[in-house]
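Trainee: This is the structure, below, for whatever I ask next.
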Amino acid sequence: MTPLELTGSVSSLGYGLAAIGPGIGVGIIFAAVIQGTARQPEARGAMMGTAWIGFALTEALAMIGLAMAFVFNVS
Amino acid sequence: MGTTLLVPLEGFRPPGAESFDLPNIGGIPHFDRPMLMALLSLVVIIGFWALISRRMRLVPNKGQFVGEFTYNFVRDGIARDQIGHDFKKYVPWLVGLFSFLLVNNIWEVFPFFVFPTVSHIGWAYGLAIMSWVIYNVVGVRKHGFFGYFRRSVLPSGVPVAMWPIVIPIEFLSNIILRPITLSLRLFGNMFAGHLLILIFVTGGEYLLLESESLLNNAVGVLSLIFSMAIFGLELFVAAFQAYIFTLLSAQYVGASLADEH
């Protein structure tokens with residue numbers, strides 16, 4: 001008898017793996033913004049504009065992973 | 001005790017992609033809830049902007065202030081920053097895009113609907129195709145077909161030896177992948193947000209009302225309370241995705257209008 005039986009598709013695990021990279025990327029982007037703001041507070045507005053674009057482009061990877069997790073959801 | 005903790009949710013069907021299949025309203029083909037919400041959003045948006053712009057005063061009242069703030073936000077924060085010199089032509093399109101997306105995304109957390117329009121991917125595809133056509137047509141009109149094509153697939157200053165690598169990558173990224181990521185980002189965020197709300201609410205309801213264990217009931221209450229925080233997060237995500245979609249569309253237009261330096 002198995003103590004805990006898991007059934008279903010492994011695509012959710014795949015999505016978890018796919019989200020690691022974008023997670024690190026988004027963390028790096030906002031770490032850079034925080035550092036930049038600490039060094040030069042008046043440049044915050046300009047940095048945030050660029051940071052949102054970078055965030056959106058990085059996050060797209062995680063969103064493609066989410067879509068793929070549903071596309072390949074065959075159990 | 002151990003077994004009841006390990007297998008507590010027999011009979012619970014977690015929400016999935018099939019939770020997004022909605023029936024047609026009144027049996028009319030293609031007229032489902034997203035269609036109703038999109039049509040309603042058109043009425044709301046056109047009514048709002050018509051009401052705001054009809055009675056403009058030098059000293060604005062509250063409604064006029066909201067309208068002017070939104071318009072200024074799109075014009076100065078998005079269009080002028082991203083497009084640059086000739087931004088005025090594109091402001092009406094960007095304001096329309098932003099208000100359409102804002103209203104339609106906020107339906108996600110609005111009572112009676114609680115469903116984002118663009119979580120049916122056709123809506124996201126349509127909006128992304130519109131942006132794709134606009135930035136390509138604008139670039140072709142500015143630089144001519146071959147001029148625009150050369151600019152978009154070949155950044156200036158790339159050595160000839162790198163051309164076979166750079167040209168396919170830039171073509172793929174600028175012409176093919178841009179509309180796909182634009183639509184998938186919007187769709188994925190709204191889809192994931194709605195799924196998150198569904199999981200918190202239906203899971204909390206199941207744990208509270210249909211589970212035998214007292215611990216599960218307590219966790220169900222916690223889950224339902226926490227779903228309010230998720231609604232707040234989704235309100236932010238809805239506004240943010242409307243902003244990002246408009247910002248990236250403006251940036252693509254700005255990039256295809258840009259002169260080489």
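Trainee: Based on this model, can you work out whether B:Val166 counts as aliphatic (A, V, I, L, M), over 30 Å from B:Met190 (Cα atoms) and surrounded by 13 or more Cβ atoms within 10 Å (Cβ to Cβ)?
Mentor: Against the criterion (aliphatic (A, V, I, L, M), over 30 Å from B:Met190 (Cα atoms) and surrounded by 13 or more Cβ atoms within 10 Å (Cβ to Cβ)), B:Val166 qualifies.
Trainee: Still on this structure, please answer the following. Which one of these is within 20 Å of A:Ala60 (Cβ to Cβ) and in a helix (DSSP H, G or I): B:Ile106, B:Ile129?
Mentor: Step by step, each of B:Ile106, B:Ile129 is checked, and only B:Ile129 is within 20 Å of A:Ala60 (Cβ to Cβ) and in a helix (DSSP H, G or I).
Trainee: Determine, yes or no, whether A:Ile64 is within 19 Å of B:Val237 (Cα to Cα), more than 10 Å from chain B (Cβ to nearest Cβ) and surrounded by 13 or more Cβ atoms within 10 Å (Cβ to Cβ).
Mentor: no
Trainee: For the range B:208-247, which residues satisfy the criterion of being within 14 Å of chain A (Cβ to nearest Cβ) and either surrounded by fewer than 17 Cβ atoms within 10 Å (Cβ to Cβ) or charged (D, E, K, R) (or both)?
Mentor: B:Phe236, B:Ala239, B:Phe240
Results for (1) at pLDDT below 90; (2) facing chain B (nearest Cβ under 10 Å); (3) exposed (fewer than 14 other Cβ atoms within 10 Å of the Cβ), shown as yes or no for each residue.
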position: A:Leu4; (1), (2), (3): yes, yes, yes
position: A:Leu17; (1), (2), (3): no, no, yes
position: A:Gly27; (1), (2), (3): no, no, yes
position: A:Ala43; (1), (2), (3): yes, no, yes
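Trainee: Return the residues of the range B:73-97 that are assigned to a helix (DSSP H, G or I), more than 20 Å from the chain's Cα centre (by Cα) and closer than 21 Å to A:Thr50 by Cα; say none if nothing qualifies.
Mentor: Passing the criteria: B:Asp76, B:Arg80, B:Asp81, B:Ile83, B:Phe87.
Trainee: Ok, one more. Quick one: how many residues across the range B:97-125 are without any contact (Cβ under 8 Å) to a residue 12 or more places away in the chain and within 20 Å of A:Leu66 (Cβ to Cβ)?
Mentor: Of the residues in the range B:97-125, 1 are without any contact (Cβ under 8 Å) to a residue 12 or more places away in the chain and within 20 Å of A:Leu66 (Cβ to Cβ).
Trainee: Check off (1) modelled with pLDDT under 95; (2) more than 10 Å from every other protein chain (Cβ to nearest Cβ); (3) farther than 18 Å from B:Asn189 by Cβ for A:Ala51 and give me the number that stays unchecked.
Mentor: Failed condition: (3).
Trainee: Please specify each residue of the range B:177-203 satisfying the condition of being touching a Ser or Thr at 6+ places or on another chain (Cβ under 8 Å) and at the interface with chain A (Cβ under 8 Å from one of its Cβ atoms).
Mentor: B:Phe187, B:Phe191 - these are the residues of the range B:177-203 that are touching a Ser or Thr at 6+ places or on another chain (Cβ under 8 Å) and at the interface with chain A (Cβ under 8 Å from one of its Cβ atoms).
The values are calculated or read from the model by the stated rules, or taken from the named source; none is laboratory data. Model, not experiment: these values are computed from the prediction. Heads up, the Cβs are rebuilt from the backbone with ideal geometry, glycines too, and the neighbour counts pull from every protein chain shown.
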